[in-house]
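First up is the structure itself, then whatever we jot down about it.
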Amino acid sequence: MAQMICWNCDRQVDDSLRTCPTCFAGLRPSQDEQSVPDTGDNGPPLDELPPDWDPDREMAIQTAAGEINQACLWLVGGLILAGIAYAVTGSGAALLLFCGVMAYGGFRLCRGLYYETNPDALLRRLTKGD
């Protein structure tokens, strides 16, 4: 079983995976691997790709979509926990705590939407190592 390094978290990942199990970043095949046209749900076959197609940009868009999905989980989870905490305790302190969770989810949602509309900014951030 061959291993590769995740570009996002630098962990070793089985090269048969398409997504890193640690950080959920999309993985690309190694440079020495022969590309085979794929007619599955991965998009059009390689011979039908537009000439200006950029795999790094596509990976940045997928990473932004993953960020949006995780943000929605933070928002919904915070809302559910806030409702439960308020129903059980009836105090505003627990509600305030879970509003912080929802605010974090809102921040991640804004960041994901920004990177989805501007994937070049995410690529610059990843190449700078920030």
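The values are calculated or read from the model by the stated rules, or taken from the named source; none is laboratory data. On a predicted model such as this, the values are computed, not experimentally measured, just so you know. Every residue, glycine as well, gets a Cβ built from its backbone with ideal geometry; the counts of neighbours run over all protein chains shown.
A few notes on this one:
- Scanning segment 100-112 for any residue that is aliphatic (A, V, I, L, M) and at pLDDT 90 or above turns up at least one such residue.
- Residue check, R124 closer than 23 Å to D10 by Cα, exposed (fewer than 15 other Cβ atoms within 10 Å of the Cβ) and at pLDDT 80 or above: yes
- Number of positions in segment 62-103 that are surrounded by 12 or more Cβ atoms within 10 Å (Cβ to Cβ) and outside any helix (DSSP H, G or I): 0
- Qualifying residue in segment 37-55 (condition: modelled with pLDDT of 80 or more and within 20 Å of W7 (Cα to Cα)): no
- Residue selection: S16 fails the criterion of being modelled with pLDDT under 75, touching a helix residue (DSSP H, G or I) at 6+ places or on another chain (Cβ under 8 Å) and not in a helix (DSSP H, G or I).
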